[in-house]
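**Q** For reference, the structure I am asking about is given below.
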Amino acid sequence: MALKDDLKAKIVERFGVSVDEIKEDTNFVEHLNADSLDVMDFIMDIEQEYDIKIPATEAESLKTFGDLSQYLAEKTGKPLN
């Protein structure tokens, strides 16, 4: 499964939204009604899933689906699509 598709599936499962709602500029807090604790918990799950460490200073900048997918592609070397 492509990185973006895999990440979308995780967002659908975690935040209970439709895959059609997830766009590059989908903001976790503003569009998915997540609070900062929800986002940090999700980031920790992503760290485990992809076996990476995302420093807190970098995690704070991952506000949208596009931010996170691009970051993961860079850190894991996996293609976005």
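**Q** Tell me the helices (runs of 4 or more DSSP H) entirely within the chain that contain at least 2 residues that are at pLDDT 95 or above and of a type in the set (G, A, S).
**A** 65-76
**Q** In addition: Report the residue count in segment 1-19 for those that are of a type in the set (A, V, I, L, M, F, W, C), touching a residue at least 24 places away in the same chain (Cβ under 8 Å) and within 14 Å of A73 (Cβ to Cβ).
**A** The total comes to 3.
**Q** Does L7 satisfy the criteria of being surrounded by 13 or more Cβ atoms within 10 Å (Cβ to Cβ) and of a type in the set (A, V, I, L, M)?
**A** Spelling it out, L7 is indeed surrounded by 13 or more Cβ atoms within 10 Å (Cβ to Cβ) and of a type in the set (A, V, I, L, M).
**Q** Could I ask something else about it? Quick check on segment 29-41. Is at least one of its residues of a type in the set (D, E, K, R), over 16 Å from A73 (Cα atoms) and more than 13 Å from the chain's Cα centre (by Cα)?
**A** yes
The values are calculated or read from the model by the stated rules, or taken from the named source; none is laboratory data. Computed from a prediction, not measured in an experiment: that's the story for all the values here. Heads up, the Cβs are rebuilt from the backbone with ideal geometry, glycines too, and the neighbour counts pull from every protein chain shown.
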